[in-house]
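To keep things clear, I will list the structure first and then write my remarks on it.
The values are calculated or read from the model by the stated rules, or taken from the named source; none is laboratory data. Keep in mind that what you see is a predicted model, and the values were worked out from it rather than measured. Here the Cβ positions follow ideal geometry from the backbone for every residue, glycine too, while neighbour counts run over all protein chains shown.
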Amino acid sequence: MFDTLPQHLELIVLTFLLAGLVKGVVGLGLPTVAVGLLGLVMPPMQAAAILVVPSTVTNVWQLAAGPRFLGLLKRLWGMLVGIVVGTLLVGWLLAGRNWPAATPLLGVALILYALLGLSNKRFRVAPRHERWLSPLIGVITGGVTAVTGVFVIPAVPFLQALGLEKDDLVQALGLSFTVSTLALAITLSQHGSLLQADVLGLSLLALLPALAGMYLGTWLRSRISPLAFRRCFFGGLLLLGADLAIRGL
């Protein structure tokens with residue numbers, strides 16, 4: 001399954017450099033960009049295996065930078081448990097197989113995420129609905145993660161709809177992404193062919209360009225228009241998602 005990875009080494013390095021840059025500018029997007037671009041040349045779960053180390057390190061960094069870890073953990077625990085349950089359950093059902101529908105589903109997930117980003121719509125979740133909706137969103141996010149390796153749908157729109165302050169939202173995203181990455185790593189490790197030593201080595205290697213990209217993105221954040229960058233980012237995701245969806249079919 002991983003025999004073709006060495007020939008994609010340059011693509012992996014460039015992909016994580018770009019993915020880190022996006023995350024440095026807008027605070028998210030590393031797994032979406034990485035799995036989306038690598039999905040052009042490999043199955044989504046193979047790309048997700050390479051993602052494990054860069055995603056874990058960058059999300060823990062983002063999580064640690066926020067001010068209200070315990071408060072957010074108490075508020076979001078239902079969603080976080082749902083993410084773990086959904087990821088492990090669907091991962092167990094798939095049993096490490098490459099589901100043929102995974103690539104088009106990845107494309108659809110990217111299209112939905114891009115359309116939400118481009119629409120600039122702001123939804124609101126009423127406090128009375130948050131308690132029962134939170135675990136459901138978590139389970140759905142976990143299921144999507146187990147199939148596509150991308151954990152932004154529907155967790156990101158849901159967190160944005162909670163009306164969190166900017167710093168709290170960034171930390172909540174870091175918390176959600178960290179739990180999603182760890183749950184995905186557990187799922188991959190249960191199927192030895194998906195998380196071998198050579199893949200972990202590639203994942204460690206991918207951390208370097210990801211951190212370099214994040215550093216560059218953080219530097220660029222105050223020097224470019226965030227709105228223009230977000231439009232380019234989501235526009236690119238829309239085209240990438242469309243290509244993956246059509247290619248998969």
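Residues checked against (1) among the acidic types (Asp, Glu); (2) without any contact (Cβ under 8 Å) to a residue 24 or more places away in the chain; (3) surrounded by 23 or more Cβ atoms within 10 Å (Cβ to Cβ); (4) within 24 Å of Arg230 (Cβ to Cβ):
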{"residue": "Pro104", "(1), (2), (3), (4)": "no, no, no, no"}
{"residue": "Leu110", "(1), (2), (3), (4)": "no, no, yes, yes"}
{"residue": "Gly138", "(1), (2), (3), (4)": "no, no, yes, no"}
{"residue": "Gly142", "(1), (2), (3), (4)": "no, no, yes, no"}
{"residue": "Ala146", "(1), (2), (3), (4)": "no, no, yes, no"}
{"residue": "Pro157", "(1), (2), (3), (4)": "no, no, no, yes"}
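Residue-wise test of (1) under 24 Å from Arg230 (Cβ atoms); (2) modelled with pLDDT under 85; (3) of a type in the set (Gly, Ala, Ser).
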| site | (1), (2), (3) |
| --- | --- |
| Met1 | no, yes, no |
| Gly24 | yes, yes, yes |
| Gly27 | yes, yes, yes |
| Leu38 | yes, no, no |
| Pro43 | no, yes, no |
| Val53 | no, no, no |
| Thr56 | no, no, no |
| Leu72 | yes, no, no |
| Ala101 | no, yes, yes |
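For the range 200-241, a residue qualifies if it is among the small types (Gly, Ala, Ser) and more than 25 Å from Val52 (Cα to Cα), and the qualifying residues are Ser222, Ser225, Ala228, Gly235. Scanning the range 204-223 for residues being small (Gly, Ala, Ser) and at pLDDT 90 or above gives a total of 4. Where helices (runs of 4 or more DSSP H) fall entirely within the range 9-126, those with at least 3 residues that are on the phi < 0 side of the Ramachandran plot, in contact with a Leu (Cβ under 8 Å, 6 or more places away or on another chain) and among the β-branched types (Val, Ile, Thr) are at 9-26, 30-38, 44-64. Considered as a group, the residues in the range 151-183 that are part of a helix (DSSP H, G or I) and of a type in the set (Phe, Trp, Tyr) include one that is farthest from Glu130 (Cα to Cα), and that residue is Phe177.
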